[in-house]
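Visitor: Can you keep this structure in mind? I'll have questions shortly.
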Amino acid sequence: MMKNKVILLIFILLSCKASKENKYLEKRNSLQEEKPYQVANITINRLDKAIPPLKDTYISSQDPSMNYGSIEKLLIKKTQLGQHNRNAYIGFDLNGINADYEQILLKIVQLGGDNTPISIRSVTNHWDENIMTWKSKPQEGSPRPSSGFRINKTIYFDLTSYVKTKIKRNELRTTFEITAENNIISPMSFGSKENADSGVHPALVFFKNRKFAAPVFEFFPVTAKRSDGRTYPAINLKNTSSSSELDRSELNKYGAWTKAKIGEESKFFKTKYHSGKWYLVDPDGYMFIMAALNSVEIGGGIILPDAIQKIGINSLGSWSHETIQGIPYAPRLNMMLHFKNRKPELKEMYKANILPVFEDDFEEYSLQKAAELTEKYKDDSMVIGYFMDNELPFYKEQLSLSLDLEHTNKQWLEANKWMTERYGSDYSIDSISTEDEKEYQGYVCEKYYEVVSKAIRAHDKNHLLLGTRFHGAAKSHKQIMLAAGKYTDVISVNYYGKWEPDTENLALWLQQANKPFIITEFYVKGADTKLGNLNGAGWEVQTQADRAIFFENFVIKLMKSPGFVGYNWFRYIDNNQTNKGIISASYEWYPEMQAAFLNINRDIYRLRSHLLYGNVNYDGWVPGPAVPTVPIFPGRNPPKRP
């Protein structure tokens, strides 16, 4: 009797599984090929084939033993500490699918939650949607991040190359892990195959001809090698153009994007905040991203600015020849440098990393110097704004160092007053805490920015204040960012010591300063030039190809931030027997770097929209469709012919 019950149970389980597989195959086979039709004078091929998932689920680090395979939605979420993360998984069976399709897309439909760029990667297929938990999640495979675009609530990922390769290799089961790239509060939710509304089910969709004419940016994983042999992962942009120079037909004389008029004409560059994102606006009111090189100099028979504009550089960074005409630039005023160089005692203090901002004549001198320095720039519409100084030592121990000075010194008097107000007159220098130092650093920073911004604004009320090009530990100090944000229009940071920008740093600048940012220095050096590379803060990698990988990856990661408005590569030309430039000291281009700059800058405005929103029209803010907005799935009526 017991044996018969066991046999019956096995038979029931096998029947259920067969029934489930048959329903899946019936659903997949019911999606028929459809013919092209004409919409608004554009020939668009309708969906040729679509297959539903074989399995889908999500998992949660908050409840690592829970299974969510029967839930009607898929959740993804990223949190700072990783304690409340959600990852989604979708698996497909490619049996019966050939590899002759031109475009293959993964479709998911968002039901709710916050918005963030999404990453998708392949994972192993050995998982069961009704069993898998966070503890048993499948092994990760090759990343294919952010190659998607959005039409309203539907998000598509272009997986053409990957899926066709799988089919050709006869690897007919494939699974994708979907994750959030940035920290969010409310999980993004998507329809699962269990959802009662079949219109929100995930699917792989196939087209005989490429469906979407709008740019669909494709990314691929790659690694770069440092000179010591260590490898670093990166994401680079697939080059889909055969052109060797930039098409400027959509750009104006400033290098701004004429498809996106986002402000009023004002004669000067401005900043704009819209839907949680920051932008630069050119004097004509168009969207502008500062893509700049530092230290651009005339020489070698290279015609400037034409040569750099051909690879998408639209502005000059610091230390550039201001005699180069016809391109925006950003002068550096060096207010503190001028002030401290007047007196030997101030130079000594500065050399000891003490900023003499409490000197009696600092404010008066700044007013006079700002009048002198801004006179030739104040009416120039090509001036983006002013860098007030470069790499001031705000993050050094301003409090302890100041309290070591003579008791008649203005810096000592201010530091003593600050400590006395907090701890009384019997405070001990030995008891100064790390938090005290950081608070006082913010105090010194605020004094500097208050005085210098007031001085510049007294003589030039129009041009942007671009900060002081923070460096070192300043980029991670909230007190410094909070102080600077009160008086500057843009936060500027010289970013070294990291393979790619730290998302926590980028978030900190937005949270504390509440201003956009420009990365004003970053670079790596190539060991293949045999220059020695003994100078400078940038890391050394093995080849120019590795440098190009670093550049693309760094800028792609920057552009994902809502605060990004520009980058300045350090520098145009090699110097000091060190490979920092995109051309050599003998004015020879490094072809790999030249190609990488063109690749990123070729369509930089749409690329940023893609990285922020998953479409190319800034989620509808910029006029014109993100992509042809026509129904492509069965069960929806096609639009009427014109």
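Visitor: Keeping every protein chain in place, order Glu521, Glu322 by accessible area at 1.4 Å, biggest value first, i.e. largest first. Working shown, then result.
Guide: Working: Glu521 15, Glu322 80 Å².
Descending accessible area places them as Glu322, Glu521.
Visitor: Further question: Rounding to the nearest 10 and keeping the result within 0 to 90°, find how far the Cα-based axis of helix 503-513 lies from the longest principal axis of the chain.
Guide: 50 degrees
Visitor: Computed FRET efficiency, Cβ-Cβ of Glu265 and Gln80, R0 60 Å: what is it to the nearest 0.05? Mind showing how you got there, number by number?
Guide: Values: r = 41 Å, r/R0 = 0.69.
According to the calculation, E is roughly 0.90.
Visitor: Go ahead and collect, in residue order, the members of the stretch 536-559 whose backbone nitrogen is under 20 Å from a label point 7 Å along the Cα-Cβ direction of Thr231.
Guide: Those under the cut-off are 540-554.
Visitor: Oh, and also: Ordering Trp127, Trp319 from largest to smallest accessible area (1.4 angstrom probe), what's the sequence?
Guide: Final ranking, largest accessible area leading: Trp319, Trp127.
Visitor: Using 1/(1 + (r/R0)^6) with R0 = 41 angstrom and r between the beta carbons of Glu72 and Ala507, what's the FRET efficiency to the nearest 0.05? Show your work: numbers first, answer last.
Guide: Values: r = 32 Å, r/R0 = 0.79.
Using R0 = 41 Å, I get an efficiency of 0.80.
Visitor: For the chain, report the accessible area per residue in Å² (1.4 Å probe, heavy atoms, rounded to an integer). Walk me through the numbers on the way to the answer.
Guide: Details: 27890 Å² over 642 residues.
That works out to 43 Å² for each residue.
Visitor: Distance in nm between label sites at Arg422 and Glu194, each 7 Å beyond Cα in the beta-carbon direction?
Guide: In this crude spin-label approximation the distance works out to 5.4 nm.
Visitor: Further, regarding this structure: Could the peptides 367-378, 535-546, 304-315 be put in order, highest first, of the mean number of other beta-carbon atoms found within 10 Å of their residues?
Guide: Working: 367-378: 16.4, 535-546: 19.5, 304-315: 21.9.
The densest-packed peptide leads the list: 304-315, 535-546, 367-378.
Visitor: Would you work out the charge dipole size for the stretch 397-447 about its Cα centre, treating the Cβ of every Lys and Arg as +1 and the Cβ of every Asp and Glu as -1, and quote it to the nearest 20 debye? Don't jump to the answer; show the numbers that get you there.
Guide: Working: 5 positive and 12 negative charges, 44 e Å.
Once rounded to the nearest 20, the dipole reads 200 debye.
Visitor: I'd like to know which of Gly424, Leu333, Gln309 lies farthest towards the positive end of the charge dipole of the chain, counting +1 on Cβ of Lys and Arg and -1 on Cβ of Asp and Glu.
Guide: Gln309
Visitor: On C-alpha positions alone, give me the angle between the axis of helix 410-423 and the longest principal axis of the chain, in degrees, nearest 10.
Guide: So the helix axis and the longest Cα principal axis differ by about 60 degrees.
Visitor: Hey, rough spin-label estimate for Trp319 and Lys498, points 7 angstrom out along Cα→Cβ, what's it come to in nanometres?
Guide: Placing both labels 7 Å beyond Cα along the Cβ direction yields 2.3 nm.
Visitor: Between Asp128 and Asn98, how high is the FRET efficiency from 1/(1 + (r/R0)^6) when r is the Cβ-Cβ distance and R₀ = 30 Å? Nearest 0.05.
Guide: For Asp128 and Asn98, the calculated efficiency is 0.60.
Visitor: Might you work out the accessible area of His201 for me, using a 1.4 Å probe with all protein chains in place, and round it to the nearest 10 Å²?
Guide: 20 Å²
Visitor: Just to verify a number: what accessible area does Phe157 come out at with the full protein assembly present, 1.4 Å probe, Å² rounded to tens?
Guide: Only protein atoms counted, so the area is about 0 Å².
Visitor: Taking the Cα centre of the chain as the origin and placing charges on Cβ (Lys, Arg +1; Asp, Glu -1), which of Met290, Ala585, Asn575 is farthest toward the positive end of the dipole?
Guide: Final value for the positive-end residue is Met290.
Visitor: Taking the Cα centre of the stretch 251-398 as origin, sum charge times position over the Cβ atoms of Lys and Arg (+1) and Asp and Glu (-1), and report the length of that vector in debye to the nearest 20.
Guide: Working: 18 positive and 21 negative charges, 124 e Å.
For this selection, approximately 600 debye.
Visitor: Assuming 0.36 nm per residue, please report the length gained on full extension of the stretch Gln368 to Asn209 beyond their Cα-Cα distance. Spell out each step's value before the answer.
Guide: Numbers: separation 159, 0.36 × 159 = 57.24 nm, distance 6.61 nm.
Stretched fully, the Gln368-Asn209 segment lengthens by 50.6 nm.
Visitor: Here's a follow-up. Round to a whole angstrom and tell me the spacing of the C-alpha centers of the stretch 469-520 and the stretch 82-131.
Guide: Their Cα centres are 35 Å away from one another.
Visitor: What ranking of Trp509, Trp589 comes out by heavy-atom accessible area, probe 1.4 Å, highest first? Could the numbers behind the result be given before it?
Guide: On the way: Trp509 0, Trp589 65 Å².
Solvent-accessible surface, decreasing: Trp589, Trp509.
Visitor: Hey, another quick one. Which value, in debye to the nearest 20, gives the size of the charge dipole of the chain about its Cα centre, when Lys and Arg are +1 and Asp and Glu are -1 at the Cβ?
Guide: Details: 81 positive and 74 negative charges, 649 e Å.
For the chain, the charge dipole is close to 3120 debye.
Visitor: Along the Cα-to-C-beta direction of Asn182, a point sits 7 Å from the Cα; which residues of the stretch 287-315 have their amide N less than 20 Å from that point?
Guide: Within reach of a label on Asn182, which here means backbone N under 20 Å from a point 7 Å along Cα→Cβ, the stretch 287-315 contributes 287-291.
Visitor: Taking just the alpha carbons, could you work out the radius of gyration and Dmax for the stretch 219-328, both in angstroms?
Guide: Over the stretch 219-328's Cα set, Rg and Dmax evaluate to 17.2, 51 Å.
Visitor: Put +1 on the Cβ of every Lys and Arg and -1 on every Asp and Glu Cβ in the chain; which of Ile384, Trp127, Asn514 then has its Cα farthest towards the positive end of the dipole?
Guide: Trp127
Visitor: Okay, next question. Can you give the accessible area of Thr258 in Å² (nearest 10), computed on protein heavy atoms with a 1.4 Å probe?
Guide: Approximately 50 Å² for this residue.
Visitor: If each residue of separation counts as 0.36 nm, what is the full-extension length gain between Glu171 and Ala458 once their alpha-carbon separation is subtracted? Walk me through the numbers before you get to the answer.
Guide: Numbers: separation 287, 0.36 × 287 = 103.32 nm, distance 6.87 nm.
That pair, Glu171 and Ala458, stretches by 96.4 nm at full extension.
Visitor: Could you state the angle between the C-alpha long axis of helix 362-374 and the longest principal axis of the C-alpha atoms of the chain, as a value from 0 to 90 degrees rounded to the nearest 10?
Guide: 70 degrees
The values are calculated or read from the model by the stated rules, or taken from the named source; none is laboratory data. Nothing here was measured: the structure is a model prediction, and the numbers come from that model. Quick reminder, even Gly has a Cβ in these numbers, built from the backbone with ideal geometry, and neighbours come from all protein chains shown. Note: accessible area is taken over every heavy atom of the protein model, side chains too, but ligands, DNA and RNA are not part of it. Shrake-Rupley method; radii C 1.70, N 1.55, O 1.52, S 1.80 Å.
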